[in-house]
Amino acid sequence: GDYPIRGQHTFLDVTLENITLFDVRQVPTPTTPFESTVGPNQEEFFGDPDQFLFVNETILSLDLFHGDAGFKPADWRIKLTPVFNANDLQVDELAVVNPDVRRGTRRTRSYFSLQEWFVETKLADTSPNYDFISARAGSQLFVSDFRGFIFNDVNRGVRLFGTRLANRDQFNALWFDQTEKDTNSLLNTFDDRHQNTVILNYYRQDYIWPGYTAQLSFHYNRDEPSFKFDKNNFLVRPDPAGVFAPHEVSAYYIGWAGDGHINRLNISHAFYWALGRDSLNPIAADSQNINAQMAAVELSYDRDWARFRSSFFWASGDDNPDDRQARGFDAIFDEPNFAGGEFSYWQRQSIQLFGVRLVDQRSLVPHLRSSKTQGQSNFVNPGLLLFNLGLDMDVTPKMKLISNANFLWFEDTETLELFTFQNNIDEQIGYDLSLGTEYRPFLNDNIRFIGGVSGLYPEAGFKDLYKPLVGKVDNLFAGFFEMVAVY
């Protein structure tokens, strides 16, 4: 990518990346006492929580572009990113890897995908300061805000983007025609998802304070009625809860977010208001008018090699599932980097509750849907309150430590009481403690080792949902180790 391959302005950037993941975890895992169990005399609804996941992913990126990229945006670009994924899941209970108990307790899969493929062209230079308007069409990565609260995905779409006022302002207008995800690798397929998403956002740098960037955004998501079993033969659309009949979810989000610093204080915040309609919510068994909110704020202070953080997250919950007003907040395709992110137990694990997930991997919201990748947004959910304290330490130029303590509780548990046919479920979820590290032996991102350990120490609300017939709900632990090599 440093020297042109044709003329003086055409470059080819070739990147090869390999990611290897070892993930051990304990999550509530149901047994199958009415069919068959791994061992005799298993009468508890939840069995052995131990699971192990191995993933190896090889990514080849080919980026062909034209222009003086060091001084102004590219005139045109063509990018292809093929990905090969191999994964192996081992569990200690039946009907986890497949609803057919004869499939055992282990699942090994592989998948090849053309994850990114797009063409980009600059439509116009709009000022002497290299302000521009460009268009990009194809499968592309897009994160709609600073932390990925609403949309963070690679998918098929058309994007119009550019800058104004000497690059002080940036804007995006996108339309995504979503494709289906492969169940186990989470990579894109070429099958249509019957879901369309429109995103508009506008950024202003140095807004009021130098170093602070503000953003206004609009999201619209239309998820059409469909019927889908995933690659492991589990029903994912409609979500297997309540009436589970095909239904359409149309929701739009109005958002305000900001990121940067105000003098010495670092700040990142977001607020979203979701409105719309669900034609037949499976848990409420009726049509719903959507009216839900989300707010998040993180404050941090840098002191030499340490960053002290505190953050708060709120997703509104539905306090009356029978009033046809869906007040539980849910996102489109979130992957938030917030309150511990990938190191947090609550965000890293998929915690199952009957046929749906209480919370999905790389998500904060307890949405009660089959999965965020293949299920539909569900705005009849208990909501979440999270308070975080964190400390990031650059121990050496090569090693960084990330520590977090989260306290979590549901905002309203009426939805959970209706869904589980259980009264008086408490709001407290528990304490999520995590410690992570990133090691870069060559002081760059060519070789990285990332690892973490985390634990969920349950309180009354979580115990109400997962309590056994005999004994108590145990603490849950998880750990992972990831190796990343880039050439």
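Dividing the helix sum by the residues of the chain, where each DSSP H run of 4 or more adds -39500 (n - 2.57), gives a mean residue ellipticity at 222 nm of -1000 deg cm²/dmol. Other residues whose C-beta falls under 12 angstrom from the C-beta of Ser300 contribute a net charge of 0, scoring Lys and Arg +1 and Asp and Glu -1. Among residues other than Phe52 with Cβ under 10 Å from its Cβ, the summed charge is -2 (Lys and Arg +1, Asp and Glu -1).
For the stretch 253-358, the dipole from Cβ point charges (+1 on Lys and Arg, -1 on Asp and Glu) about the Cα centre works out to 300 debye, to the nearest 20. Across the stretch 235-246, coupling constants 3J(HN,Hα) worked out from phi with the 6.51/-1.76/1.60 Karplus curve, θ = phi - 60°, read 6, 10, 9, x, 4, x, 8, x, 7, 5, 10, x Hz, and Gly and Pro carry x. The residues packed around Phe151, meaning those with a beta-carbon under 10 Å from its beta-carbon, carry a net charge of -4 if Lys and Arg are +1 and Asp and Glu are -1. Each principal axis of the stretch 132-181 carries a Cα extent, and these read 39, 24, 12 Å when sorted largest first. Under 1.5 on a/c is rounded, so check that first for the stretch 1-105, then, if it is not, pick prolate when a/b is larger than b/c and oblate when it is not; a ≥ b ≥ c are the square roots of the alpha carbon gyration tensor eigenvalues. The shape class here is prolate. In summary, the convex hull built on the alpha carbon positions of the stretch 77-159 has an orientation-averaged projected area of 8.5 nm².
Here the alpha carbons of the stretch 185-275 define both size measures, Rg and Dmax, at 19.0, 54 Å. For the stretch 313-415, the gyration tensor built on C-alpha atoms gives a prolate shape. Its axis ratio a/c (a ≥ b ≥ c) is at least 1.5, and a/b is the larger of a/b and b/c.
Take the convex hull of the alpha carbons in the chain; its mean projected area over all directions comes to 23.1 nm². Within the stretch 89-236, the proportion of C-alpha pairs whose separation exceeds 26 Å stands at 43%.
Across the stretch 48-64, computed HN-Hα scalar couplings (Karplus, 6.51 cos²θ - 1.76 cosθ + 1.60, θ = phi - 60°) run 6, x, 6, 9, 9, 10, 10, 9, 10, 10, 10, 10, 10, 10, 10, 10, 9 Hz from first to last residue, x flagging Gly and Pro. Think of the chain as a dipole: +1 on every Lys or Arg Cβ, -1 on every Asp or Glu Cβ, centred on the Cα centre; then among Tyr203, Leu123, Ser371, Leu123 lies furthest on the positive end.
In summary, the convex hull built on the alpha carbon positions of the stretch 53-121 has an orientation-averaged projected area of 6.4 nm². Calculated from the alpha-carbon coordinates, the stretch 1-60 shows an Rg and a Dmax of 24.3, 74 Å respectively. Taking a ≥ b ≥ c as the square roots of the eigenvalues of the Cα gyration tensor, an a/c ratio of 1.5 or more together with a/b larger than b/c marks the stretch 255-320 as prolate. Taking every DSSP beta bridge that has both ends in the stretch 267-353, the antiparallel portion is near 90%.
Throughout, read-outs are computed from the coordinates displayed, never taken from laboratory work. Bear in mind the structure is a predicted one, so any value in this text is a computation, not a measurement. Ideal geometry is used to build each Cβ from the backbone, glycine not excepted, and the neighbour counts take in all protein chains shown.
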